[in-house]
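The values are calculated or read from the model by the stated rules, or taken from the named source; none is laboratory data. Keep in mind that this is a model prediction, so the values were computed, not measured. All Cβ positions, glycine included, derive from the backbone under ideal geometry; neighbour counts span all protein chains shown. Areas reflect the complete protein model, heavy atoms only, side chains present, ligands, DNA and RNA absent. Shrake-Rupley method; radii C 1.70, N 1.55, O 1.52, S 1.80 Å.
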Amino acid sequence: MDDLVTERLVIHRLSIGEAGGVTARQPVGDARWAPGYPTEGDVSAAKLFLRCCAEGDGARHPGVFEIRRREDGCAIGGIGFHGPADEDGAVTIGYGLVPSARGRGYASEALRALLAFARDTGITRVKGDADHDNSPSQHVMAAAGMRLAGEDEQVRYYEMVWTDTSAVTGPA
């Protein structure tokens, strides 16, 4: 699969070997990492991806990705899917950036690219969530076009739903 390229970013899909490097906190090949990458979240996502690949139950994992700046090629965070799409075509996403890259719109830019990728690959619903006190993450999902779908005492839930060829946000 080709990388997803945005105005300022390259969203690079990790191979199994690269995901292994993330879990070991050792760059593979000529990978360049910004200070603080990978975060605990990146390591957890890579481990989950590797576990899904190893189990090989027939469901294809849509991937985990490094968020890289185009200007210098450094990985500044990660974004990806928590697992294969369920029987209804729904997936859950997660993302994060190293502290020095936050507040510049990188996460929203990366999420918009991932949402387009999801739609193009036949995923019908993308879900995400953020704690009530995590307004930056809520802003990322809203800025990328996801709609608030509900909340409980601790978490706000966001989603984007596609039916046929038109994007629809919110509960279907």
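How large is ³J(HN,Hα), in whole Hz, for each residue of the stretch 113-120 in order, when computed from phi with the Karplus curve 6.51 cos²θ - 1.76 cosθ + 1.60 and θ = phi - 60°, using x for Gly and Pro?
Karplus values, whole Hz, x for Gly and Pro: 5, 5, 4, 5, 4, 4, 4, 5.
Rounded, prolate or oblate: pick one for the stretch 105-148, where a ≥ b ≥ c are the square roots of the eigenvalues of its C-alpha gyration tensor, a/c under 1.5 means rounded, and failing that, prolate if a/b is larger than b/c, else oblate.
Details: a/c = 2.94, a/b = 1.64, b/c = 1.79.
Oblate, because a/c is 1.5 or more while a/b does not exceed b/c.
Please list the non-local residues whose amide H lies under 5 Å from the amide H of Val5, H modeled 1.01 Å from N, same-chain partners needing a gap of 5 or more.
Amide H neighbours of Val5, under 5 Å, 5+ apart: Ile11.
Based on Cβ point charges of +1 for Lys and Arg and -1 for Asp and Glu, what charge dipole magnitude is obtained for the stretch 1-137 about its Cα centre, in debye rounded to the nearest 20?
On the way: 16 positive and 20 negative charges, 62 e Å.
Charge dipole of the stretch 1-137: 300 debye, to the nearest 20.
Can you give me the Cα centroid spacing of the stretch 101-158 and the stretch 79-94 in angstrom?
Spelled out, the Cα-based centre of one part sits 13 Å from the other.
Considering the Cα positions of the chain, please state its Rg to one decimal place and its Dmax as a whole number of Å.
15.4, 44
Given a 1.4 Å probe and every protein chain left where it sits, what share in percent of the accessible area of the stretch 4-64 is carbon and sulfur? Walk me through the numbers before you get to the answer.
Values: 1780 of 3320 Å².
Its accessible area is 54 percent carbon and sulfur atoms.
Given a 10 angstrom Cα cut-off, can you work out which residue in Phe117, Phe81, Phe65 is the most mobile in a GNM of the chain?
Its mean-square fluctuation being the largest, the pick is Phe117.
Let me understand the stretch 4-65 better: what is its radius of gyration from the alpha carbons, and its Dmax, in angstrom?
For the stretch 4-65, the Cα radius of gyration and maximum Cα-Cα distance read 12.2, 36 Å.
Using only Cα atoms, tell me the angle between helix 40-55 and the longest principal axis of the chain; keep it within 0 to 90° and round to the nearest 10.
80
Quick one: what does P(r) look like for the stretch 44-143 with 10 Å bins over all Cα pairs, in whole %?
For the stretch 44-143, the binned pair fractions read 15, 46, 32, 7 percent.
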